[in-house]
Amino acid sequence: MTPVLRPASDSDRDIVLSWRNHPDVRAVSLTTHEILPEEHAKWWEAATADPQRHIMIFAEETRDCGVVIFDLREDPSSWSFYLDVEGLDGKLLPAWMRLEQAAVEYAFGPLGLTRLGGETLAANKQVIALHRRFGFLEKRRYERLIDGVPQTVVWTERGTDQ
Ligand SMILES: CC(C)(COP(=O)(O)OP(=O)(O)OC[C@H]1O[C@@H](n2cnc3c(N)ncnc32)[C@H](O)[C@@H]1OP(=O)(O)O)[C@@H](O)C(=O)NCCC(=O)NCCS
């Protein structure tokens with residue numbers, strides 16, 4: 001089984017929205033409302049047309065099971081990801097690990113980044129532990145309003161050599 005990251009195409013747009021709208025993904029996101037197709041289409045169009053953003057589909061065997069978003073608009077670049085929680089029923093953790101491995105290889109390989117950071121809710125302890133395992137170090141914690149409620153966000157970051 002070779003996990004791969006491939007650039008998203010417009011035929012991936014609708015499935016990505018269904019993954020993003022899963023209640024478990026919304027619960028750990030920076031906005032938790034259900035994203036409507038119009039809002040998603042607008043974001044998708046802008047993000048896929050932007051050379052500074054890379055939307056990648058994570059696939060195992062022939063099955064698409066997650067999305068990784070690299071955002072190079074700020075320094076350091078950042079990334080975020082979510083999986084097909086429903087489709088991966090009960091097998092999230094191994095898929096998380098393979099996705100994170102693939103994302104790190106892509107970021108510091110073909111994408112040519114030297115540093116990569118990401119925001120995770122402090123309450124999302126599993127993902128923070130996963131980042132640590134892959135060499136991401138906690139750089140800072142800060143409060144962000146998530147749907148009007150202040151929540152602690154953790155910024156984790158790693159470089160090419162960790
Ligand atoms: C889960 C996670 C990807 C959610 O991220 P998010 O809230 O969508 O935020 P992102 O940083 O990806 O999105 C950046 C912007 O694009 C918007 N956006 C992202 N996806 C969108 C979509 N499908 N439709 C419309 N807008 C979207 C966001 O609202 C945000 O807007 P802003 O910059 O104006 O605030 C992110 O919190 C994360 O990577 N967490 C750690 C990993 C994790 O827990 N993954 C889920 C486990 S399966």
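The values are calculated or read from the model by the stated rules, or taken from the named source; none is laboratory data. In this text, all values refer to a predicted model and were calculated from it rather than measured experimentally. Cβ sites come from the backbone with ideal geometry, for glycine too, and all protein chains shown count toward neighbours. Just so you know, the surface numbers come from the protein's heavy atoms only, side chains and all, with ligands and any DNA or RNA stripped out. Shrake-Rupley method; radii C 1.70, N 1.55, O 1.52, S 1.80 Å.
Which is the longest run of the chain containing none of the trypsin sites (Lys or Arg not before Pro) found in DSSP loop states (not H, G, I, E, B) with at most 13 other C-beta atoms within 10 Å?
Segment 1-72 is the longest.
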Computed over the Cα atoms, what is the radius of gyration of the chain divided by 2.2 N^0.38 Å, N being its residue count?
0.99
Between Thr114 and Ala41, what FRET efficiency follows from the Cβ-Cβ distance if R0 is 25 Å, with the result rounded to 0.05?
0.15
Give the lysines whose C-alpha is closer than 21 Å to that of Lys125, dropping any in the same chain fewer than 8 places away, or say none.
Lys91, Lys139
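Excluding Pro150 itself, calculate the net charge of residues whose Cβ lies under 11 Å from the Cβ of Pro150, where each Lys or Arg counts +1 and each Asp or Glu counts -1. Mind showing how you got there, number by number?
Values: positive: Arg144; negative: Glu143, Asp147.
Spelling it out: positives minus negatives among the neighbours equals -1.
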Obtain the nm distance between the two label points defined at Phe134 and Gln101 by a simple spin-label model: each point lies 7 Å from its Cα along the Cα-to-C-beta direction.
1.1
If you take every DSSP beta bridge whose two residues both sit in the range 5-162, what share of them, in percent to the nearest 5, is antiparallel?
95
Choice from Ala46, Ala107, Ala122 showing the highest fluctuation, given a GNM over the chain with Cα pairs closer than 10 Å:
Ala46
Non-local amide H neighbours of Asn124 (under 5 Å, H modeled in plane, Pro and chain starts lacking H): which ones?
none
When only C-alpha pairs under 8 Å and at least 6 residues apart count, what is the relative contact order of the range 37-81, in percent?
25
Hey, how many Å between the Cα centroid of the range 78-156 and the Cα centroid of the range 27-55?
17
In whole percent, the fraction of accessible protein surface over the chain that belongs to carbon or sulfur atoms, probe radius 1.4 Å, stands at 51
Charge sum, other residues only, whose C-beta stays under 11 Å from Ala102's C-beta, Lys/Arg counted +1 and Asp/Glu -1
-1
Give me the number: length gained by fully extending Arg73 to Lys91, i.e. 0.36 nm times residue separation minus the C-alpha to C-alpha distance, one decimal in nm.
3.2 nm
